[in-house]
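The values are calculated or read from the model by the stated rules, or taken from the named source; none is laboratory data. Predicted, not measured: the structure shown is a model, and the values here were computed from it. Cβ atoms come from the backbone with ideal geometry, glycine included; neighbour counts cover every protein chain shown. These area figures cover heavy atoms from the full protein model, side chains too; ligands, DNA and RNA do not enter into them. Shrake-Rupley method; radii C 1.70, N 1.55, O 1.52, S 1.80 Å.
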Amino acid sequence: MRAGKYAELRELADSGDGSARFLLARLLQVAGRTDELLARARADDASARLRVAEWAAERGDLALLREMADACRDTDQDWEPRRLFAQALAERDAVDELRTRAEAGDRWASGPLDRLLAGRGDEAELRAREAAGDRGAGRTLVRRMLGEDELRTRAEAGDDYAAEKLVELLTADGRLAEATELARTSARGWSARQRLAKLLALQGLEDELRQRGENRDYSSADHLLRLLTERRDVATLRELADRGFHKARQRLVETMEKAELVDELLAYARPNESYRLPRLLARDQRVADLHVLVAAGDRGARYRLARLLKDLGRADELRVFAEEGHSEGMAAYTDLLAEQGRVAELTALAGTGALFAADRLHELLAETDLRAMAEAGDERIQAWLASDFAKQDRLDDLRAAAEAGWKTADFRFPHLLAKHGRIDELRRLAEAGVPFARSEYYAWLGGQDDLAPLCVLADGGDHHAGRVVAEALVRRGLVGELYDRAATGDRHAAREIEELMFPADDEERPDY
């Protein structure tokens, strides 16, 4: 498909290859080839049938959607049109047709029918459907229509769904003791255990939460830790953490942070475990302790120590920290030198290639001095000046910088030519093979109403032009033309078609 070999894809699909049918149906849907897609659906291609059903549902074509649904076999790969049709019937309040389809065994009609009946208050029919074996009707009754007494009866008979609903009612009514007792007897699934843990926490029943947590009930463990964290009960949290209680260590560190127990954190937390500890140490100007954390490998401590030394004006200590290879230290050191106006030292650092020194010099030196450094080969200064020229629309200066080979000027200059509408000059540079000029020229062509000149270049084998043409067709929504180019073997058009078929977050994207 990436090669645009759609004729071969059709042959594979016609031979019964399931993957090829899936890809071809998605391709025809995206390309707007609805006639061919419909023909394949009516020829019993399940993948095409699904795409036609989606298309019909989007446009509200109930007759076509019904046709696709009636043709389904209701297998694992061929049920979605029935669901879409049932959903469309429900949106139209078509109870009679939903009832007919449900009674004929269409499982996708049952749920929408039950919801419509509940909305109408038709309890009698829901009960009749439940008696006939429709479990969904029973759940709809429980969720929307039954009172406390019948819910309790059903719960005592082992109906977990009714028990869940009754617990909700009792909790909302403030009858926490009754709700908790019922939740204890029905806590068989994850959601039921979560509900019980919440009720226990509401009543402060820590012993039971702890007992359940120690028996690997993680919902209870989480709620117990939440209670202890809210109370800032460091001692109990430490005890649980030392015993390996689920997530207790994490909660203990959070509690120490909120309580600002700096010494306890310093003794207990591992490097990088507490993101607030370096901030607290910096606030209290505890330089020695920050050095200890840095030596232990704490990343946050490196930044906090560097900024603290800068704020304290301890330039010599900061220089040593920077020379040890810490980029945070070098950034803070050059900032401090800049604030103190120490241009000579910054210049010496920039000459050694030190990070950030050239950036600070750019803020301090006059342009004539910066030009001298750029002409001497300082690439960071070159990049800064080229950026300045571009921002200030200084086309002649930027042209000279590009001709001299300054860093970043080579791509900024063609961009500025396009910005100023100097297309003839840009075209000459592109034809001469100047780097980045062709990209800017083709981008300009791609923004014009007439894509023909760009298409001529693409059809002549210029892959860069082919990519720009494909992207321009996508921007303009000309998917049909994009499809035609892909079908002739244009790999850029084929790739754009694939991106339209399967966006980056599409779960249906095939694993090639």
Tell me, yes or no, whether segment 16-24 has at least one residue that is in contact with a Pro (Cβ under 6 Å, 6 or more places away or on another chain) and of a type outside the set (S, T, N, Q). no
Subset of segment 213-226, residues more than 32 Å from the chain's Cα centre (by Cα) and either open to solvent by less than 60 Å² (accessible area, probe 1.4 Å) or at pLDDT 85 or above (or both), comes to 213
Just to check your reading of the model, which residue among 329, 341 is surrounded by 20 or more Cβ atoms within 10 Å (Cβ to Cβ) and either in contact (Cβ under 8 Å) with a residue 12 or more places away in the chain or out of contact with any strand residue (DSSP E or B) (no Cβ under 7 Å at 6 or more places or on another chain) (or both)? 329
Out of segment 366-396, which residues are assigned to a loop (DSSP other than H, G, I, E, B) and open to solvent by less than 70 Å² (accessible area, probe 1.4 Å)? 366, 377, 378, 393, 394
Taking residue 174 and the conditions (1) in contact with a Leu (Cβ under 9 Å, 6 or more places away or on another chain); (2) assigned to a loop (DSSP other than H, G, I, E, B); (3) more than 27 Å from residue 249 (Cα to Cα), which numbered condition does it fall short on, given that it satisfies the others? (1)
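So, residue 434, is that one β-branched (Val, Ile, Thr) and closer than 23 Å to residue 492 by Cα or not?
Judged against the criteria, residue 434 is not a match.
Quickly run through segment 12-32 and pick out the residues that are of a type outside the set (D, E, K, R) and open to solvent by 60 Å² or more (accessible area, probe 1.4 Å). Spell out how you get there, then give the answer.
Here is the first cut: in segment 12-32, the residues of a type outside the set (D, E, K, R) are 12-13, 15-16, 18-20, 22-25, 27-32.
The answer is 12, 15, 19.
Within segment 262-274, can one find any residue that is in contact with a Ser or Thr (Cβ under 7 Å, 6 or more places away or on another chain), open to solvent by 10 Å² or more (accessible area, probe 1.4 Å) and more than 14 Å from residue 329 (Cβ to Cβ)?
No; the residues of segment 262-274 include none that is in contact with a Ser or Thr (Cβ under 7 Å, 6 or more places away or on another chain), open to solvent by 10 Å² or more (accessible area, probe 1.4 Å) and more than 14 Å from residue 329 (Cβ to Cβ).
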Can you pull out every residue in segment 205-220 that is charged (D, E, K, R) and in a loop (DSSP other than H, G, I, E, B)? 216, 217
From 154, 139, grab the single residue that is of a type outside the set (Asp, Glu), under 30 Å from residue 101 (Cα atoms), open to solvent by 50 Å² or more (accessible area, probe 1.4 Å) and part of a helix (DSSP H, G or I). 139
Which residues, counting only those in segment 157-171, are assigned to a helix (DSSP H, G or I) and either crowded, with 18+ Cβ neighbours inside 10 Å or touching a residue at least 40 places away in the same chain (Cβ under 8 Å) (or both)? 162, 163, 164, 165, 166, 167, 170, 171
Pairs returned, first residue in segment 239-254 that is over 10 Å from residue 229 (Cβ atoms), second residue that is open to solvent by less than 20 Å² (accessible area, probe 1.4 Å) and not aliphatic (A, V, I, L, M), beta-carbon separation under 7 angstrom, 6 or more apart or interchain, are 245/213; 246/213; 253/274
Quickly run through segment 75-86 and pick out the residues that are open to solvent by less than 80 Å² (accessible area, probe 1.4 Å) and of a type outside the set (Lys, Arg). 75, 78, 79, 80, 81, 84, 85, 86
Residue tally, condition farther than 22 Å from residue 32 by Cβ and either assigned to a loop (DSSP other than H, G, I, E, B) or open to solvent by less than 70 Å² (accessible area, probe 1.4 Å) (or both), over segment 466-500: 1
What is the number of the single condition among (1) over 30 Å from residue 376 (Cα atoms); (2) surrounded by fewer than 16 Cβ atoms within 10 Å (Cβ to Cβ); (3) more than 35 Å from the chain's Cα centre (by Cα); (4) in contact (Cβ under 8 Å) with a residue 12 or more places away in the chain that residue 463 does not meet? (3)
Need the failing condition index for residue 407 against (1) in a loop (DSSP other than H, G, I, E, B); (2) touching a residue at least 12 places away in the same chain (Cβ under 8 Å); (3) over 39 Å from the mean Cα position of the chain (by Cα), just the number. (3)
Looking at segment 354-365, can you tell me whether even one residue there is open to solvent by 40 Å² or more (accessible area, probe 1.4 Å), of a type outside the set (Asp, Glu), assigned to a helix (DSSP H, G or I) and at pLDDT 90 or above? no
Report, ordered by the first and then the second residue, all pairs with beta carbons closer than 7 Å, sequence separation of six or more or different chains, a first member in segment 28-51 that is of a type in the set (S, T, N, Q), and a second member that is part of a helix (DSSP H, G or I). 29/37; 29/51; 29/55; 34/55; 47/21; 47/22; 47/25
Selection status of residue 399, open to solvent by 60 Å² or more (accessible area, probe 1.4 Å) and either among the charged types (D, E, K, R) or closer than 30 Å to residue 501 by Cβ (or both): no
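Out of 308, 312, 290, report the one residue that is surrounded by fewer than 15 Cβ atoms within 10 Å (Cβ to Cβ) and within 18 Å of residue 333 (Cβ to Cβ).
Answer to the selection: 312.
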Some residue of segment 422-444 being touching a Gly at 6+ places or on another chain (Cβ under 7 Å) and free of Cβ contacts under 8 Å to residues at least 24 places away in the same chain: no
Within segment 172-208, tally of residues that are surrounded by fewer than 13 Cβ atoms within 10 Å (Cβ to Cβ), under 37 Å from the mean Cα position of the chain (by Cα) and touching a residue at least 12 places away in the same chain (Cβ under 8 Å): 4
Do we find that residue 318 is open to solvent by less than 10 Å² (accessible area, probe 1.4 Å), of a type outside the set (Ser, Thr, Tyr) and either farther than 18 Å from residue 253 by Cβ or assigned to a loop (DSSP other than H, G, I, E, B) (or both) in this structure? yes
